[in-house]
1. Name the one entry in Val10, Val17, Val34 that is touching a strand residue (DSSP E or B) at 6+ places or on another chain (Cβ under 8 Å) and within 27 Å of Ala204 (Cβ to Cβ).
2. Consider the range 168-178. How many of its residues are open to solvent by 10 Å² or more (accessible area, probe 1.4 Å) and not small (Gly, Ala, Ser)?
3. Could you look through the range 122-137, keep only residues that are of a type in the set (Gly, Ala, Ser) and open to solvent by 30 Å² or more (accessible area, probe 1.4 Å), and pick out the one that is nearest to Pro191 (Cα to Cα)?
4. Any idea which residue in the range 21-35 is farthest from Cys197 (Cα to Cα), counting only those that are crowded, with 23+ Cβ neighbours inside 10 Å and of a type outside the set (D, E, K, R)?
5. Given (1) under 18 Å from Ser234 (Cβ atoms); (2) open to solvent by 30 Å² or more (accessible area, probe 1.4 Å), identify the lone condition not met by Leu48.
6. Return the pairs, sorted by first residue and then second, in which the second residue is assigned to a loop (DSSP other than H, G, I, E, B), the first residue lies in the range 211-225 and is acidic (Asp, Glu), the beta carbons are less than 9 Å apart, and the residues are 6+ apart or on different chains.
7. Hey, Leu89 hits all of (1) loosely packed, with under 14 Cβ neighbours inside 10 Å; (2) modelled with pLDDT of 95 or more but one; which does it fall short on?
8. Could you list, in sequence order, the residues of the range 166-193 that are under 17 Å from the mean Cα position of the chain (by Cα) and not hydrophobic (A, V, I, L, M, F, W, C)?
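The values are calculated or read from the model by the stated rules, or taken from the named source; none is laboratory data. This is a predicted model, so every value here is computed, not measured. Neighbour counts run over all protein chains shown; Cβ positions are idealised from the backbone, glycine included. Side chains included, ligands, DNA and RNA excluded: accessible areas come from the protein's heavy atoms. Shrake-Rupley method; radii C 1.70, N 1.55, O 1.52, S 1.80 Å.
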Amino acid sequence: MKVWLDGGLVDEHRAVVSVFDHGLTVGDAVFETVAVRAGRPIAVTRHLWRLQRSAGVVGLEAPALDELIGAVTETVAANGLGDAVVRVLLTSGPGPLGSVRGGRRVTAAVLAGPYPGWADTAEVVLVPWPRNERSALAGVKTTSYAENVVALAEARARGGSEAVFANTAGNLCEGSGSNVFLVLDGTLVTPPLSSGCLAGVSRAIVVELLGIPVEERDVPMAALAQAGEAFLTSATRNVQPVRTVDGAALAACPGPLTQRVAAAYAALLERDPDPA
């Protein structure tokens, strides 16, 4: 496997960083996961725009967009990837123990792995730990994922496949690695970005590009279990219908609106794998 590291491709055994890198010691890093289907990176420009935004929020100087796109393209080509995922990672580099940065150049890496296999439907579990919509890192995709790891382990221990969080106001926020859509009284609804959820690329495609009306508004956490239908979105899930919430089946899975969104989403990316 070839890995792109700090400007060029290297063999995976040479793709190493210091144990003092703040991405390891304090989670001072941001990342994106880009799906690759049939050798084509999906929505890569939107993902790398978001990476640059995340880097800006935490105070990292990201490489230029053209350099990042080139790094992804080189990694995909060098590894002959068909269906895969590419991880694009920026850390603040080596630094002292503690939260003060070392002031060195950002470490940038692009690495690849197998495309995950998702079930046709999701079993959602509502977890008790709230997202903080007022956090300095609300909506930023950092590598500080321990909360997600704990939440997903809880969901799986309870027979689920995805954990879903409320925010501190008690409103529906997001999944551990997904955005949430639900149908209430025939209307497609998703939490607004002000809820603290990640500004998901797949979420944005559904909201902005499919021509299907979506209301972005706060809804109480309990609304998810009462929805007529629901689905999750992410770079690798695409549009995944929700079958159960805390073990209770929703009225329809996949419901008619979920099917319509999934078909439109797939058709759009087939026409244009990088819809900017």
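1. Val34
2. 3
3. Only one residue tops the list, namely Ser135.
4. His22
5. All conditions pass for Leu48, except number (2).
6. That search, which allows pairs on different chains as well, returns Glu216/Pro191; Glu216/Pro192; Asp218/Ala169; Asp218/Pro191; Asp218/Pro192.
7. Checking Leu89 against (1) loosely packed, with under 14 Cβ neighbours inside 10 Å; (2) modelled with pLDDT of 95 or more, the one that fails is (1).
8. Passing the criteria: Glu174, Gly175, Ser176, Gly177, Ser178, Asn179, Thr190, Pro191, Pro192.
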